[in-house]
1. Other chains' Cβ within 10 Å of A:186-198 residues: what's the mean?
2. Across peptide A:251-257, how many C-beta atoms of other chains are within 10 Å of each residue C-beta, on average?
3. For A:K242, list the lysines whose Cα falls under 27 Å from its own Cα; do not include residues on the same chain fewer than 8 positions away.
4. Given an 8 Å cut-off on Cα distances and at least 6 residues of separation, report the relative contact order of region A:233-324 as a percent.
5. Mind checking the angle between helix A:42-52 and chain A's longest principal axis? C-alpha axes, 0 to 90 degrees, to the nearest 10.
6. Quick query: amide H of B:T114 versus all other amide H atoms, modeled in the peptide plane; which residues come in under 5 Å with a sequence gap of 5 or more or a different chain?
7. Can you give the average number of partner chain beta-carbon atoms within 10 Å of each beta-carbon in peptide B:81-93, as a whole number?
8. From the helices alone, meaning DSSP H stretches of at least four residues, give me the mean residue ellipticity at 222 nm for the protein assembly as shown, per-run term -39500 (n - 2.57), in deg cm²/dmol to the nearest 500.
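Readers should treat all values here as calculations from the given coordinates under stated rules, not as data from a laboratory. The structure displayed is predicted, hence computed values, not measured ones. Every residue, glycine as well, gets a Cβ built from its backbone with ideal geometry; the counts of neighbours run over all protein chains shown.
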Amino acid sequence: MIEPGPVCYRTLAYPNSHHLSTYQAIGGYEVIKDIITNQTPADTIIEAIKASGLVGRGGAAFPSGLKMSFMPKSADTIKYLVCNSDEGEPGTSKDRFILSENPHQLIEGLLIAAYAIGASVVYNYLRGEFDVPYQRMEKALEEAREQGYVGQNIFNSGLTIDIYNVSGAGSYIVGEETAMLESLEGKRAYPRAKPPFPAMSGLYGCPTTINNTETLASLPVIIQQGPSWYKNYHSENSGGTKIFCVSGHVMRPKIMELPLGIPFTELLDKVGGIRDGNRLKAVIPGGSSMKILPAEVMLNIHMDYASLKAAGSAIGTGAVIVLDETCCMVEILTCLMNFYKHESCGQCTPCREGTPWIYRTLIELLNGKSSVAAVESLCRIAGNIEGKTICAFGEAVAWPVTSFLQHFSDEFIYFAEHGHSMVKGRKKS
Amino acid sequence: MSNPILTAAMINKIDHCSSKFPVDQKRSALLMALRVVQDEYGWLSEQAIDAVADHLSLPRIYAYEVVEFYSLYRRKKPGKHVIKVCNSISCYLCASQDLIHLCEKKLGIKLGETTPCGRFTLEETECIAACAGAPAILVNDAVYHEEVTATKLDQILHGLTTNEVPND
């Protein structure tokens, strides 16, 4: 179900992958020790991260080094680093195993990033259901503190970097970076209007950088091996490694850390192909908010940022959701919208009203009480949400709707006209 | 001074949460403090919410605001064990609907209900990041069970009944 990998999952090849001794045996904490002992300039680290091509692995793919460079250089205010471990994008199950299986590497990544941006306090925000990952992170932090890696005077340098694990209370929108800051302040997770961006005014109004768990856990290896090793890991400029979580209608769903740029067909082979000898119908390539792509597109695609963008979707969180020929697309979209209806935070009217409206329209369609005009209204409603909300949740709702209708409109129209699915074997209304 | 709601052990835990934040930012500890109390009682009564807010010296409305917003907080006493079946896309594709029906049949209740003996509450949950282990079940908001089959469900329920939670 989960395989060892070259970067974030490298300790998984060993027994007791989460133990301090395991991480130390593979050179753990040597990178941050070197940085601090040699007083490596922060800019050198940020430039290395930029050169590595690392982009945010939580879905937005913003260049990580560039994001760090936005932090003010002045030392007159406290600065924060926040690690986004609120993994909740449907289809995504990768950070959970970094937290539980390789917690020390994440801690070293947090220290490197905090050093680079001049942050003295780090919050690692885990979703409220992550009990085992939280316990493992707490244990690892305790060990790291005992070793003098975390806290005051780390590596006897006089430098202070405190790290704290924080647990959430159930909310998808917390994964949005400014919503996470609100939540850390003990409030409802309502995303903030930007600007100001967190680098200027973040947690408690102080400069803050928020990065995804996978992004931060990659840093020790990137610095250790060098940016060009990472950037050219698979082929020239392929951009490093990514954790792919392949789920849905495959023989052996699996979580694998692989080179960016591998062909989708190779990914599919690694999970044993489509279940029951069925044919591939479509793939949501990067978590439920990304646009769906039909089989004929996916079978010719390489799993990297540029290729998926060119095909009209995105790598997102690396959650590859595979749908076989038995899927009724009306039913699948309804399942997705059930999620978004539940998770809309309710702050912006277009999303709060539009998301349940789309859901209700789909339920009426599934109940055989709809019309072609209602189907056509779906894209209009989605269009009235997209780009009209404070955060990207609006896009996350709209993209599945518009892409399902772009590629599978015949199924929706058929359902409206006949009152049942055109996919054989699917339930009638 | 003893508090009828917050025991010394709970206050200890809450103060540990508070210690993670700047001294003038006690509100930051609110989410975790409420969870500490809920973990003890299974739910959050008005008295419990008020006690947490009072202990952190916060206006009580701050606590109600987050309790109503975040989905893990409960305002009603659930069964001893809460069984949540994930019903988001990856689990849905792996027959989570059938698993829900199976749970309903085995427990003799519908989604959202609690067994008359008070032992089990059955609910569905949104994605819990167990997508490569679909279909997945979350017990008591903390314990994951993945690739749940009918046999495995029997083992989980039996384990909870006899207080021997099987390892996943």
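1. Whole-number average of other-chain Cβ neighbours for A:186-198 is 3.
2. Taking all residues of A:251-257 together, the mean is 2.
3. Within reach: A:K33, A:K50, A:K67, A:K94, A:K139, A:K231, A:K254, A:K270, A:K281, A:K291, A:K309.
4. Rounded, it is 33 percent for region A:233-324.
5. 40
6. none
7. Counting Cβ atoms of other protein chains within 10 Å of each residue's Cβ and averaging gives 6.
8. -13000 deg cm²/dmol
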